[in-house]
C-alpha cells in the first residue's frame with residue numbers, strides 16, 4: 001500500500017512522456033520520430049494497468065489476444081479497447097473493457113490516474129493507460145472470444161535487465177527490429193512495451209523526487 005500511495009502521488013507530477021516511451025519503440029517507430037501524425041481522426045481508447053498483491057509481491061496482468069484479422073492479432077497487451085457511447089470517460093472505458101475481457105470488477109478498482117497518451121499508427125488508436133489497484137487478486141474470467149491467455153507477473157520484471165531483449169519480428173510481411181520485455185516467454189513489444197517503459201521511469205523517479213520516505 002505504501003508503494004501504491006507513492007505511485008498515486010508521483011503521477012500527479014509531470015510525466016516522462018514520449019522520451020520514455022521511445023526507449024522501447026521499434027526501429028520503424030524511431031525512424032518516424034520527426035513525423036507529425038494527424039491524430040484528429042484517431043480512435044480514443046484506453047487500457048488498464050492493474051496492480052494487486054499476491055503474497056509478498058505486487059503483480060499485474062496482461063492478456064494474449066486471440067488470432068484474428070486485425071492489426072493487434074496475437075499480441076500481448078493490457079486489457080482495454082476503444083471508447084463506446086455509454087462510456088463517460090476513458091477511465092470508464094478501461095474499466096468496462098477490463099470487465100468484459102477478464103472480469104475485473106470496476107467497483108473493486110482504485111483508480112490512481114493515467115500515464116501519457118500513446119498514438120498507435122497502424123490501428124489509428126490513441127491510447128490512454130489508466131493505473132488501478134485492487135487490494136486482492138481479482139477472480140479473473142477471460143473472455144475466450146478475445147483472450148487466448150491470461151498472463152500474470154510480478155512487476156519486478158521491469159527492472160530485470162535480462163528480460164529486456166531485442167528481436168526481429170515479422171509483422172504483416174514486414175521485418176521489424178524491436179526491443180521487448182520477455183514476460184514468461186511472451187514477447188511484449190510495441191505500444192505495450194512503450195507504455196511499460198514510461199511506467200518503469202515513473203517508478204524509478206519516486207526515489208529521485210524524495211517520495212520514498
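Within region 126-148, the set of residues being closer than 30 Å to residue 18 by Cβ and modelled with pLDDT of 95 or more comprises 126, 127, 128, 129, 130, 131, 132, 133, 134, 147.
Residues are listed down the side, and each one gets a yes or a no for (1) at pLDDT below 90; (2) over 17 Å from the mean Cα position of the chain (by Cα); (3) closer than 19 Å to residue 189 by Cβ:
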{"residue": "12", "(1), (2), (3)": "no, yes, no"}
{"residue": "25", "(1), (2), (3)": "no, no, yes"}
{"residue": "46", "(1), (2), (3)": "no, no, no"}
{"residue": "54", "(1), (2), (3)": "yes, yes, no"}
{"residue": "79", "(1), (2), (3)": "no, no, yes"}
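Of the residues in region 195-212, none is buried (at least 16 other Cβ atoms within 10 Å of the Cβ), in contact with a helix residue (DSSP H, G or I) (Cβ under 9 Å, 6 or more places away or on another chain), at pLDDT 95 or above and not in a helix (DSSP H, G or I). Candidates are the residues of region 101-133 that are part of a helix (DSSP H, G or I) and touching a strand residue (DSSP E or B) at 6+ places or on another chain (Cβ under 8 Å); the one that is surrounded by the fewest Cβ atoms within 10 Å (Cβ to Cβ) is 102. From the list 87, 38, exactly one residue is surrounded by 15 or more Cβ atoms within 10 Å (Cβ to Cβ), in a loop (DSSP other than H, G, I, E, B) and without any contact (Cβ under 8 Å) to a residue 40 or more places away in the chain. Which is it? Matching residue, one of 87, 38: 87.
Please verify whether residue 164 is in contact with a strand residue (DSSP E or B) (Cβ under 7 Å, 6 or more places away or on another chain) and within 18 Å of residue 29 (Cβ to Cβ), treating the condition exactly as stated. So residue 164 passes the test.
A single member of 187, 153 is touching a residue at least 12 places away in the same chain (Cβ under 8 Å), within 29 Å of residue 56 (Cα to Cα), within 17 Å of the chain's Cα centre (by Cα) and buried (at least 18 other Cβ atoms within 10 Å of the Cβ), and it is 153.
The values are calculated or read from the model by the stated rules, or taken from the named source; none is laboratory data. Note that the structure is predicted; figures quoted are calculated from it, not measured. Note that each Cβ is placed from the backbone with ideal geometry, even for glycine, and that neighbours are counted across all protein chains shown.
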